[in-house]
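Encoded as structure tokens, the structure appears first; notes follow it.
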Amino acid sequence: MQYDSIIVGGGVVGLATALQLLDRNPNLKILVLEKENEVAKHQTGNNSGVIHSGLYYKPGSLKAKNCIHGYKLLIDFCRKHEIPFELCGKIIVATEERELPMLKTLYTRGQENGLQNLKMLTAEEIKEHEPYTRGLEGIFVPQTGIVDFRLVAQKYAEVLKQKQGEIRLGEKVLKIQVNHQLVTVETQKQTYSSKLVINCAGLYSDKIARLTSNNINVKIVPFRGEYYKLRKEKEYLVRNLIYPVPDPNFPFLGVHFTRMARGGVEAGPNAVLAFSREGYKKSDINLSELGETLAWPGFQKVAAKYWRTGLGEMYRSFSKAAFTKALQKMLPDVKEDDLVEGGAGVRAQACDRNGGLVDDFMIVEESKVINVCNAPSPAATSSLSIGETVAGLALKRL
Ligand SMILES: Cc1cc2nc3c(=O)[nH]c(=O)nc-3n(C[C@H](O)[C@H](O)[C@H](O)COP(=O)(O)OP(=O)(O)OC[C@H]3O[C@@H](n4cnc5c(N)ncnc54)[C@H](O)[C@@H]3O)c2cc1C
């Protein structure tokens, strides 16, 4: 069987790309290859479930454009397919004086990104939204919402099949070879051929990209994010979503409280180096993957730059008391006993050779392969827009 396009990776980005291709040309033969026995098993299925508004991202960046456009596409998709979601809004709170300039920058950025009805909040107004939250000043972002991205991905897969797209589970891509006219893709089970390959392999996107290209100058560094859950009887402490002011030097948003679309309230995720790309537990170690991360020149520079932040994150990972203390800055009433261990997710964060944690989404094109090399948060919110962009690039080649 020969395909027009093979997509590696059945996460939200790969599935959305497949959908967008078929929306534009229903006659295309599209195959998604996923190594697990279900879709959305990795980043997509273990994230915070927040529909991001686009507030944080540099105006004009791929993150800003795709998040704002993707937000609209996602909500339309959820409405059309009756996936439960809620636009409950969120607050971002500054708990220290030194965070106030960054809070104002975020407010301005949100306005530049076209968000309507953002509101700066005083300490009293913060309490009108979240009665148990302490903050000097805050921002209310009405657009932010919650959804279960696992359900979103499952629905993408269902619609894809209705449009005659194929998904093959349990097929790990091992080898890709670009020939004169076609690309062959080898899994542990079969060999396929296609006019084009699109790499949406998330935590392994750099490895898949390197199968066909010598021009990939990034390595995926896996950062585990651990969550606690509020005990049921303490869920009243959080109405919706409460975020801190993020550290502008770090690509993560900081530990936050999130009311989940599937019920319950989570606190997290922190960001610790994962010793295995799919290492969801502290004890998960893959020596060869860890060795590769440590040997990457860019990672050594990141470690030198951020060692203090990194150590703090590790300390909070091992000490529940320290994790709780960090949360108490925003929610003084929360106690260590109110928190029970939740799950974890691992973020695929591209790191360049020079020690930059790549901030924006990154798509690298070769003649018959398109690599989505960096699709961290808010890529779940942005998935249909990233898919639209990649489908546009693909159709020029088909
Ligand atoms: C802790 C955490 C919290 C987050 N919170 C949010 C949030 O609230 N809102 C938001 O918008 N975004 C959030 N994100 C980001 C978002 O989840 C990801 O950006 C998004 O899911 C990326 O989707 P993906 O399809 O690229 O990757 P993935 O979901 O990881 O999918 C990649 C797929 O490729 C498969 N694969 C890998 N190698 C191979 C191979 N060799 N052969 C076949 N298949 C392969 C994997 O098995 C996997 O299923 C969060 C991420 C994490 C980890």
Distance histogram in 5 Å bins (all Cα pairs of segment 250-294, percent per bin): 5, 19, 17, 17, 19, 12, 7, 3
Relative contact order as a percentage, segment 184-294, C-alpha pairs under 8 Å and 6+ apart, gives 22 percent
Whole-Å semi-axes of the ellipsoid equivalent to segment 163-266 (Cα gyration tensor, √5λ, descending): 41, 19, 11
Considering only Cα-Cα distances, which of the following residue pairs are longer than 19 Å: K29/K175; K172/K281; K90/K119; K41/K63? K29/K175; K172/K281; K41/K63
Cross-link table K305/K329; K229/K329; K35/K161, entries beyond 20 Å C-alpha to C-alpha: K305/K329
Using unit Cβ charges (K, R positive; D, E negative) and no other charged atoms, how large, in debye to the nearest 20, is the dipole of segment 307-352 about its Cα centre? 180 debye
Compute the Rg/Rh shape ratio of segment 177-231: radius of gyration over Kirkwood radius, all on alpha-carbon atoms. 1.18
Can you tell me the dipole magnitude for segment 235-383 around its Cα centre, using point charges on the Cβ only (Lys, Arg +1; Asp, Glu -1), in Debye to the nearest 20? 260 debye
Scattering profile of segment 1-132 at q = 0.14 Å⁻¹ [log10 I(q)/I(0), Debye over alpha-carbon scatterers]: -0.84
For every helix of n ≥ 4 consecutive DSSP H residues, a contribution of -39,500 (n - 2.57) applies; sum these over the chain, divide by its total residues, and give [θ] at 222 nm rounded to the nearest 500 deg cm²/dmol. -10500 deg cm²/dmol
Which angle from 0 to 90°, rounded to the nearest 10, does the C-alpha axis of helix 12-24 make with the longest principal axis of the chain? 50 degrees
Using only the Cα atoms of segment 304-351, what do you get for the radius of gyration and for Dmax, in Å? 13.0, 38
In bins 20 Å wide, starting from 0, what share of all Cα pairs of the chain does each bin hold, as a percent? 28, 58, 14, 0
Between L395 and N354, the FRET efficiency computed from the C-beta separation at R0 = 41 Å comes out, to the nearest 0.05, as 0.75
Skipping prolines and chain starts, which residues have an amide H placed within reach, meaning under 5 Å, of the one on G343, given they are 5 or more residues away or on another chain? Y227
Please give the length that would be gained between K172 and T184 if that part of the chain were fully extended, namely 0.36 nm times their separation in residues minus their C-alpha to C-alpha distance (nm, one decimal). 2.9 nm
Where does segment 115-196 land on Rg(C-alpha)/(2.2 N^0.38 Å)? 2.06
Mean separation of Cα contacts under 8 Å, 6 or more apart, over the residue count of the chain: relative contact order %: 25 percent
Express the accessible area of segment 207-294 per residue in Å², computed with a 1.4 Å probe while the remaining protein chains stay in the model. 42 Å²
Run through segment 264-346 and list the chymotrypsin sites (Phe, Trp or Tyr not before Pro) located in a DSSP loop whose Cβ has at most 10 other Cβ atoms within 10 Å. none
Hz values of 3J(HN,Hα) by residue in segment 266-283 - Karplus curve (6.51, -1.76, 1.60), Gly and Pro given as x: 10, 10, x, x, 7, 9, 10, 4, 8, 7, 7, 5, 10, x, 8, 10, 4, 7
Using DSSP loop states and a limit of at most 11 other Cβ atoms within 10 Å to flag GluC sites (Glu not before Pro), what is the longest stretch of the chain containing no flagged site? 97-398
Once the piece of chain linking L287 and Q111 is laid out straight, how much longer is it, given 0.36 nm per residue of separation minus the C-alpha distance between them? 58.8 nm
Can you give me the C-alpha center-to-center distance between segment 326-350 and segment 40-105, rounded to a whole angstrom? 19 Å
When we measure straight from the Cα of K219, which aspartates and glutamates land under 18 angstrom away, once same-chain ones fewer than 8 places off are left out? D206, E278, E289, E292, D352, D359, D360, E365, E366
Any idea what Rg and Dmax come out to for segment 278-366 if you just take the C-alpha atoms, in Å? 16.5, 53
Which far-off residues, 5 or more places away or on another chain, put their amide H under 5 Å from the one on I7, with H placed in the peptide plane? L31, V32, L33, I198
How far, in nm, would the chain grow between E341 and S367 when pulled straight, counting 0.36 nm per residue and subtracting the alpha carbon separation? 4.7 nm
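The values are calculated or read from the model by the stated rules, or taken from the named source; none is laboratory data. Given the structure is predicted, the values throughout are model-derived calculations rather than measurements. No Cβ is skipped: glycine too gets one built from the backbone with ideal geometry, and neighbour counts run over all protein chains shown. With ligands, DNA and RNA removed, areas are computed over all heavy atoms of the protein, side chains included. Shrake-Rupley method; radii C 1.70, N 1.55, O 1.52, S 1.80 Å.
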